[in-house]
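Engineer: This is the structure I want to talk about, given as structure tokens.
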Amino acid sequence: MHELGVVFHIADSVEKIAVENEAEHIRKVVLEIGEVSTVIPEYLADVWKWNCKRNEMLTDCELVIERIPAVTFCQDCENNYPTVEFGKICPHCGSENTYLITGNEVNIKEIEVD
């Protein structure tokens, strides 16, 4: 379960930002998680709750997860298509000359502090 490491990294990052901005408490964190990032949102949320209980600055901090759809670009026909539905093969022209343009991210989008 790599979600534990992801949570520790996110918590460390938001705490550092909060301290730099002289905030006393982090109220909410909004994350963007790509559809094919391999991070399982339900596991992440569970680990987040556990970690917040261990950290005074994160006590009762709400975690909001926004999904980023996986989109692939075909270099041959220059069309985008949904990655999960079609995989590596372009549904427009049948080419395998494709690459992922979104959907693998894990981003901190927003931090709300007191």
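The values are calculated or read from the model by the stated rules, or taken from the named source; none is laboratory data. Not measured: the values here are computed from a predicted model. Quick reminder, even Gly has a Cβ in these numbers, built from the backbone with ideal geometry, and neighbours come from all protein chains shown. Ligands, DNA and RNA are stripped out before the accessible areas are found, and what is left, the full protein with its side chains, is counted by its heavy atoms. Shrake-Rupley method; radii C 1.70, N 1.55, O 1.52, S 1.80 Å.
Engineer: Using only helices, what value at 222 nm comes out for the chain when you add -39,500 (n - 2.57) per DSSP H run of length 4 or more and divide by the total residues, to the nearest 500 deg cm²/dmol?
Structural biologist: -9500 deg cm²/dmol
Engineer: Please compute the net charge surrounding Val29, taking Lys and Arg as +1 and Asp and Glu as -1 over other residues with Cβ under 10 Å from its Cβ.
Structural biologist: Details: positive: Arg27, Lys28, Lys109; negative: Glu62, Glu110, Glu112.
Cβ neighbours under 10 Å give a net charge of 0.
Engineer: Here is a follow-up. Taking a virtual spin label 7 Å from the Cα of Thr59 along the C-beta vector, which residues in the stretch 1-39 bring their backbone nitrogen under 14 Å of it?
Structural biologist: From the stretch 1-39, the list is 24-27.
Engineer: Rounding to the nearest 10 and keeping the result within 0 to 90°, find how far the Cα-based axis of helix 3-20 lies from the longest principal axis of the chain.
Structural biologist: 60 degrees
Engineer: Identify which of the listed values of mean projected area of the Cα convex hull in nm² was calculated from the structure shown: (i) 11.8; (ii) 7.8; (iii) 7.0.
Structural biologist: Identified label for the calculated read-out: (ii).
Engineer: Can you give me the % of accessible surface on the chain that is carbon or sulfur? Probe 1.4 Å, all protein chains present, nothing else counted.
Structural biologist: Numbers: 3420 of 6940 Å².
Reported share for carbon and sulfur atoms: 49 percent.
Engineer: So what is the accessible area of the stretch 17-103 per residue, in Å², with the probe set to 1.4 Å?
Structural biologist: 60 Å²
Engineer: Just to check I understand the Karplus step: with θ = phi - 60° and J = 6.51 cos²θ - 1.76 cosθ + 1.60, what whole-Hz values come out for the stretch 97-114, glycine and proline as x?
Structural biologist: Along the stretch 97-114, the couplings run 7, 10, 8, 6, 10, 8, x, 10, 7, 9, 10, 7, 8, 8, 10, 10, 10, 9 Hz.
Engineer: Between 0 and 90 degrees, rounded to the nearest ten: what's the tilt of helix 41-53 against the longest Cα principal axis of the chain?
Structural biologist: That helix lies at roughly 10 degrees to the long axis.
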